[in-house]
Amino acid sequence: LTSGGNYDFKHTTLANFWNYSVRNTPTLFLNNYTTDTLDNPVAIPFNLNIANSIIYGYNIDEIETDMDGGADSLYYFNHCLIKTSLNTSNDINYNSIIKNEDPLFVNASENDYRIDSLSPAIGFGNVNIANDVPFDLDGISRLPLPDLGVYQFVPGQEENK
């Protein structure tokens with residue numbers, strides 16, 4: 001997400017398991033500027049809210065920020081599982097974070113991003129956020145105990161693929 005803007009993601013799974021060559025870029029890159037014709041930075045307001053979501057992949061850092069102080073900008077991760085070396089202890093940008101724990105997808109190599117029965121993402125979601133997106137991509141209710149990511153865990157789902 002580059003050059004500013006307003007973004008609101010809820011129950012999102014951003015996963016990058018590219019293994020065909022070396023990947024030097026993160027799954028999620030955030031910046032709030034562009035450059036003018038003289039290659040000078042031009043700051044643009046940037047607001048990002050990511051909630052009840054998973055950001056994970058093979059890289060050590062799957063989130064990178066490059067923010068210019070010349071524009072009102074804020075990114076906020078709320079009830080998320082993220083893979084990063086960023087300091088997630090400040091409450092300006094982070095709330096209820098599971099940091100660097102494997103989400104235990106059913107089969108990421110086959111693009112099956114449903115979560116396994118032992119996933120730390122199970123039941124970690126915020127119900128107030130889930131009320132805005134009460135069903136997952138398969139039409140399964142997230143309520144009353146929402147999981148993180150795009151899919152709600154369903155017992156026995158591993159056998160039903």
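Laboratory data are not the source of any read-out in this text; all were calculated from the coordinates shown. Bear in mind the structure is a predicted one, so any value in this text is a computation, not a measurement. Here the Cβ is made from the backbone with ideal geometry for all residues, glycine too, and neighbour counts use every protein chain on show.
The figures follow:
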read-out: For Rg and Dmax of the Cα atoms in Å, calculated from these coordinates, the label among (1) 27.6, 77; (2) 20.5, 68; (3) 16.7, 58; value: (3)
read-out: Footprinting exposure proxy for Thr34, Thr88 (fewest neighbouring C-beta atoms within 10 Å first); value: Thr34, Thr88
read-out: Normalised contact order of the range 5-160, rounded percent, pairs of Cα under 8 Å and 6 or more residues apart; value: 21 percent
read-out: Positive minus negative residues near Ser119 (Lys, Arg vs Asp, Glu; Cβ under 10 Å); value: -3
read-out: Length released on extending from Thr25 to Phe135, taking residue separation times 0.36 nm less the Cα-Cα span; value: 36.5 nm
read-out: Counting DSSP beta bridges with both ends in the range 5-160, the antiparallel % (nearest 5); value: 20 percent
read-out: Label zone at Ile60 (point 7 Å along Cα-to-Cβ), backbone N below 15 Å, the range 11-42; value: 23-26
read-out: Contact order relative to length of the range 60-102, as percent, for alpha carbon pairs under 8 angstrom and 6 or more apart; value: 41 percent
read-out: Selection of trypsin sites (Lys or Arg not before Pro), the range 36-121, meeting DSSP coil and at most 11 other Cβ within 10 Å; value: none
read-out: Computed [θ] at 222 nm, helices only, for the chain once each DSSP H run of length n ≥ 4 contributes -39500 (n - 2.57); value: -500 deg cm²/dmol
read-out: Contour excess over end-to-end distance, with Cα ends at Glu110 and Asn47 and 0.36 nm allotted per residue; value: 19.4 nm
